[in-house]
Each structure stands twice: as structure tokens, then as C-alpha cells.
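Read through the structure below, which is laid out as C-alpha cells, and then see the notes.
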Amino acid sequence: MEILKIIVVAVLAGFALSALVLISMALYRNLNKLDRGKRIFIMRFLSILLSILIFVSLATYAKTDYIRKGIMGFSPAESITNRCGVVGAFISYILFTLFGTVAYIIPVILFIWGVIKPIYYGRYLLWNAYIAVLVVFFDITFEIVPRFYGGLIGSNLLSFLAKWLGNIGTYALLAFIFAGLLYMVPAVRNRRRKTKPTKEVPIKQKRKKRIEIGPETTLQPPVKIRPRKPVGINFWERFLSILHEPEEDHISITEEELNRNAKLIEKRFEEFDVSGKIIGISPGPVVTRYEYKPAPGIKVSKIESLADDIALSMKASRVRIVAPISGSSAIGIEVPNTTRKNVYLKQLLTNERFTSSKSKLTTVMGVDIAGIPVCSDIQTMPHLLIAGATGSGKSVFINTIIASILSKADPDDVRFVMIDPKRIELPMYNSIPHLIHPVIADARKALDVLKEILEWMDTRYREFARAGVRDIEGYNTRSQTKKPYIVIIVDELADLMLTAPREIEETLTRLAQMSRAVGIHLVLATQRPSVDVITGLIKANFPARVAFQVASKTDSRTILDMNGAEKLLGRGDMLFLPPGKGEPERLHGAYISTEEAKGIANLWAERWLNELLSEFENCKELTQMIIEYDLVDSIVNPDMPGAMERIGNFSVEAETALDVDVGTLRSTLLNIDYYPPLTEMKIIAEEKELFKESLGEVDELFDDARKLVIRHQVASVSLLQRHFKIGYARAGRIIDQLEKAGIIGPYQGSKSRDVLIELE
């Protein structure tokens, strides 16, 4: 019983000590608005002040200051000699009674905290455990030496250990505890991990080390930081500095060569009994168009059939004939230049046509055959279908679209959903805050996300109806909280169609038909423009199309409904069919390298992380380290293999390099909301929660069953049994849940139940 009393007293003393530390931490949290240097100074000052108070109380301890009543009873005497008064007499009495001479360790540790290292909030639980074990260790150790007194805790614990372990066992246990204490000391632990002085080692070299994480990193509770809208004065200049400078203007073809080629074309036509005359020449960076006016009586089809013969005489790889040129009586003969001039993204983004556009969805398409920049607005398309063979420039064009939007739009203006089953091009954009989810590589998950977007669309329509507006422009004009545009980019449609062709087609068709008004736009790309990928329904709802070089005329007709794409040159050479036009326009896309695209993503990551990590004093240096270590993928998706280990190792190295608390940093990086959530996601989650509460427990097949009965317009237990391969009892429960949800009607005997919701 005596030992039990001592243990209870020790636990209460530990709680009291923890309470003191927690009070200190509460003061620390209330001082968060101050500069970090001021906060550290205040905490150090309080720690030193407390250590002096305890030390003076212990040093001026006198037994005549109190009247002892029982084991822990205390009553102050009439005359107090302690320099700290009644409080000092009480503190010294409690500490000496519990710990004996070891009590002097407590003010020493507090003084060391205040002088050498600040108290980190992220480690207060670890330090509490450390102090408790340290004091108890010395308490027992001092009790072993006859001339020292270890207090009640030391005396009783030593008696307990000696009884059960004996003297040798007690000494071995104390040695083991002492070794553990040495490892818990941060200076010793860090010294065991490092082989070189910190100041001598560059940050880049530290990446090569694998550092095990101590147990303290799991003790820090998550730190919630509210994302704020990033701001930057020179963002546009920094954005442009990432892009390559355009080449100096040079003449790719001389006037003499143009005239010689014109005469050669006329001569070649005359050899096939086609008479006419070149009436105009339009040189461009990639091709030159010769405007040929045939003589009366010459059929256009005859001229078109001579394209390969013209290419042979011009020593060109491909010649495309446009018959006739829109708004002209001439036929266009497009011949590739001998020397091709590159088109760079920077020269198009700085063009007045792009900079003067107010739309956040304006994108540069490229330059026409005369070298004039061409821009288009995704809002007016409103969806874009892209097709082209491997190496034709399709992926570079997608990067151009993304870069154009990122140069103008904040995450409050435009959000992205990117689907890349190939896992090659789009994952480098995981670091931009415009994403709603990390780039989706799983085709099955992509289908679920597309269905989720349908729910967002329906939610927006309901919100617009309540606001009395018809589209997103009207809503953003009236409402104080604006809705962002959502751009869905699918890099390889064929891979999605292989997974679930019917469901993918239905989902994309419904989105394409209804999503324009709510600000959702689709950009689909495929390298296999066959009829089983670009179906009739999909093509009918995508009036804006871009065709890069394809393998055959059949592929060209599939994407454009006409020939021509098989005659393109590749490397960004495209035919752009704007909505509402019957003839495509030949453009040359701008080039953006992978390094430039990654640089743009890192620029946005830096801008966004500076806001998310603004609570840290060295947030800019910390952000640079995160980008240098390519850690954003692990931050946005901590469930990916190795992500938590990478974040843990990085946190330890950041502690060494920037003097940040490893526990706080690790917890922040693991729990940070990198992508700002859409309001539609919150609304849908609340609606589903209310729906589940109204129904009670819902079967996991409920949603699939709901879609099944609505699609077939028939609801019966046998239908669910056959389709889901489940038993009668479970199918009956699902039918009851569907009836309770108002989806199907009541029981009608042998007849199937009525479905109350019609298929849209």
C-alpha cells in the first residue's frame, strides 16, 4: 500500500509538472502573432525566471518554514525564512519531499532551456517524458549512494526494484535507462546521424543521406493552416523569364526562291494540261502558300489529285492543296520551307492579342501560315477535341494550353482536373494549386472523378437557379463568392474507352452537352482517332477540334470530317477547326519544353507554398528546399509509396539547415490541404450525409442499384440478384432503401415496382 501511495503521488507530481509546461505552451500559442524572434525571447525569459524562482526556493529551504502533517501534508509556519515566501517554502517542501537532493536538477534544466535552446511547441510531450525519466533516474541513483537522499520516489522505487531485481538487476536497469536518456538528447542523436559539420555541407549533398526519424516526430498534433490567395508583384516577369527567348527574325526563304518556286509550280501543272497562274505568295515560318488561279474550265478535283506530283517537283515531303481558299477564287498550294523557323511560346504570350484578352481561359493556339499569332478562348469553343499521331506535337500543345491559362489565372479563377493514364506528361503539374485532385493515372478512378464532376455540375445548376441566373458569368457578376472555371484535360482518351467505353461515352457526352453554362470545359486528346474512340456522340458535342499529323485519310476524316491532316508535317503543324466554321485553319503550334513546363509548375508551387507555410519564419528558404527536393508530389499525395518516409527525412534535414521544429514541420506537411476544396464538394458531402441519416444504414450497392433501376426503368428483387449476384435478402433490403429514398414506388404484388425517376 505504501508503494501504491508513492506511485500515486509521483503521477500527481508528473501531472503538475505537465500542467506547468502546458500553461507555458498556451502562452506560447497566444504569442503566435508576434515575430518568431520575440516569441523565443519571451519564452526563454520566462524559463530563466522560473528556474531562478525554484532554485532560490530550494537554496533557502528550512524545515522551520512548515509544519508537516502526514506524508505530504504542509502547513506554513508563523515565521517564514524562505527568500520566496510561502510559495517558495511550499515549492521547496514538495520538491525535496518527492525528489530529495535531485530536485536541484529541475531549475538547472529550465535554465538550460532558457539559455541554450528555445522551447519548441512541437516537442513538449517528448520533453515532459524526458524530464520525468531523467528525474526518476537520478532519484533512484542518488538513493543508492548513502550520503545522498533521493526523496520518497527514489527511496520507495529503489526498495521495489531491489526486492524484485536485486542489486545487480537494478544497476543493469539503471544503465539501460541512462543509455536511453543519452539517445533522447537531440544533440547526441543528431551527432550520431551526421558525419560532417552542418555548416560545411551544402543542402544538395544532404539529399543523398537516409536519416531515420526519431520517435518524437509522431507526437506532434496536426497543425491546420488556412490557405490564402497567393500574391506576387513580379510574377508575370518571373513567368516569362522561365520561357526560352525567341530566335532572331531571319529570312527562311528569299524572294528569288519564291519566284522560282512559283514558276516551277506553273510549269508542273502545264505538264498535266492544267493552265493557270500564281497570283499571290504568302511566306510563313514553316510553309509558304502559293495562290494559284486556274484557267476557266479547269476542274478543282484535277488540281487536288496532283498534290504528290507537285511535291515531287518541289522536292518536298508533303504538299497540301486547299481548294479553294475561303473568300477567294484561287487555290492554295502549301509547300514546306527548306529551313523551318521555330515558334516559341514566349513570343505568343507577349503578343497584344493574348495580353489584351480579359478571359482567363484564353489560350495561344500558334501562328498561321503567315506567322500571325492566333489565340482562342476555351469559353467560346466550349470543348476541344485533339488528335494526332505519336510525335506530332499533341502533348506539347496541351502544355501550351495549360501554360497559357496559368499565366493569367489564379486558383480562384480556374481549376483543373487532369487525367493521364500514360503517366508521362501531366504528373509534373501536381505542384500547381489549380488542381482539384492530383493528376489521375488510374482509368477506373478517372471514371469515378468524371461522375463526381457531373454532381458538381448539377449542384451548380441548382445554385444558379436559386440565384436567378443562367450561367457562370451572371453568377460571378451578382455573387460575392465567385465560381472558378473547371477545365478537364484528358491526355489519352483511348485508354479510358478501353476501360468502360459505354460509361465513359455517356459521362463525357452529358458533360459536353450541359457543362458549358456552369463553367466546366473539356479538352480531350488521343493518338488513335478511330471510330471506337471518337464516337459519333462524342464528336457531335465537340465542335472545336485540332488535328495534328495522322497516319491516314481515314483518321483525318474521323477527327475533321475531311482529308488534310495526313498531309501535315508534324512537330506542331496542325489543322484547327473553330466552332461554327466549315474549313479548318492551318496553324503551327508554339514549342514549350518539359523543363519550361516544370519551371512554370515550380513557380506556382513556390508562390503557393510561401502562403501555406507562412507560419514558419524561414518559409521562403523552406519552400526552396521543398521544390529542390521535388517533395510536392509526396505532400499532395501522402498515401503514395514512400511519401511519408520522404517527408520525414526532409523534415529532419530541414531542422538542421533552417532550425525548424521537425515535429511541427512533418505534421504540417502531412496534413496540409494543398488543393483548395471546391464549395460544390462540401455541399455534396453535406447532402450525402443528410441523405444517409434519413435512410439509416445504406447498402454499399445502393448507388449502383439506383443507377440500374433508373436506366432500365424496372425495379425488382430478381433484377438486382441477377445483376449484382447477391442473395434475395440483400436485394430485398436494397429495394426497401430505394423505396424509402423515393426512387421507386410501393410493392404491387407480382408486378415490378414503378420507377419514379425518369432517365435523362
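The values are calculated or read from the model by the stated rules, or taken from the named source; none is laboratory data. The structure displayed is predicted, hence computed values, not measured ones. We place every Cβ from the backbone using ideal geometry, glycine too, and count neighbours over all the protein chains shown.
Tabulated values for the structure
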item	result
Residues of segment 735-744 satisfying the condition of being touching a helix residue (DSSP H, G or I) at 6+ places or on another chain (Cβ under 7 Å) and not β-branched (Val, Ile, Thr)	Gln737, Leu738, Lys740, Ala741
Some residue of segment 739-749 being among the aliphatic types (A, V, I, L, M), in a helix (DSSP H, G or I), over 30 Å from Tyr429 (Cβ atoms) and in contact (Cβ under 8 Å) with a residue 40 or more places away in the chain	no
Near pairs, Cβ below 7 angstrom, 6+ apart or cross-chain, from segment 496-525 (free of Cβ contacts under 8 Å to residues at least 40 places away in the same chain) to any residue that is aliphatic (A, V, I, L, M)	Met497/Ile504; Met497/Val533; Glu505/Leu537; Glu505/Ile538; Thr509/Leu537; Thr509/Ile538
Given (1) touching a residue at least 24 places away in the same chain (Cβ under 8 Å); (2) closer than 16 Å to Gly391 by Cβ, number of the condition Glu566 does not satisfy	(1)
Matching option when the condition is in contact with a Gly (Cβ under 8 Å, 6 or more places away or on another chain) and either crowded, with 24+ Cβ neighbours inside 10 Å or not charged (D, E, K, R) (or both), among Gly388, Gly393	Gly393
Qualifying positions in segment 576-633 - under 16 Å from the mean Cα position of the chain (by Cα) and either among the basic types (Lys, Arg) or closer than 30 Å to Ala540 by Cα (or both)	Lys598, Arg607
Of residues in segment 721-754 being of a type in the set (A, V, I, L, M, F, W, C) and farther than 24 Å from Glu452 by Cβ, the one surrounded by the fewest Cβ atoms within 10 Å (Cβ to Cβ)	Ala729
Hits in segment 369-391 - residues which are in contact with a helix residue (DSSP H, G or I) (Cβ under 9 Å, 6 or more places away or on another chain) and among the polar types (S, T, N, Q)	Gln379
Set Leu58, Leu53, Leu22: member being at pLDDT below 60 and within 23 Å of Val115 (Cβ to Cβ)	Leu22
Test: residue in segment 666-688 that is in contact with an Asp or Glu (Cβ under 6 Å, 6 or more places away or on another chain), farther than 25 Å from Ser752 by Cα and in a helix (DSSP H, G or I)	yes
First in segment 97-124 and modelled with pLDDT under 80, second anywhere and aromatic (Phe, Trp, Tyr) and not in a helix (DSSP H, G or I), Cβ under 8 Å, 6 or more apart	Gly100/Phe148; Gly100/Tyr149; Thr101/Phe148; Thr101/Tyr149
Qualifying positions in segment 407-447 - part of a helix (DSSP H, G or I), without any contact (Cβ under 8 Å) to a residue 24 or more places away in the chain and not basic (Lys, Arg)	none
Qualifying residue in segment 637-650 (condition: within 15 Å of Leu670 (Cα to Cα), crowded, with 18+ Cβ neighbours inside 10 Å and among the aliphatic types (A, V, I, L, M))	yes
Residues within segment 241-257 that are loosely packed, with under 15 Cβ neighbours inside 10 Å and in contact (Cβ under 8 Å) with a residue 12 or more places away in the chain, tallied	3
Test: residue in segment 370-383 that is in contact with a strand residue (DSSP E or B) (Cβ under 6 Å, 6 or more places away or on another chain), surrounded by fewer than 23 Cβ atoms within 10 Å (Cβ to Cβ) and either under 21 Å from Thr499 (Cβ atoms) or of a type in the set (Val, Ile, Thr) (or both)	yes
Any hit, segment 462-481, residues being touching a strand residue (DSSP E or B) at 6+ places or on another chain (Cβ under 9 Å) and of a type in the set (Val, Ile, Thr)	yes
Within segment 681-720, tally of residues that are within 33 Å of the chain's Cα centre (by Cα), surrounded by fewer than 16 Cβ atoms within 10 Å (Cβ to Cβ) and hydrophobic (A, V, I, L, M, F, W, C)	4
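For (1) assigned to a loop (DSSP other than H, G, I, E, B); (2) at negative phi; (3) surrounded by fewer than 16 Cβ atoms within 10 Å (Cβ to Cβ), each residue gets a yes or a no:
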site	(1), (2), (3)
Gln549	yes, yes, no
Asn563	yes, yes, yes
Leu569	yes, yes, no
Met574	no, yes, no
Ala601	no, yes, no
Trp604	no, yes, no
Leu609	no, yes, no
Glu617	yes, yes, no
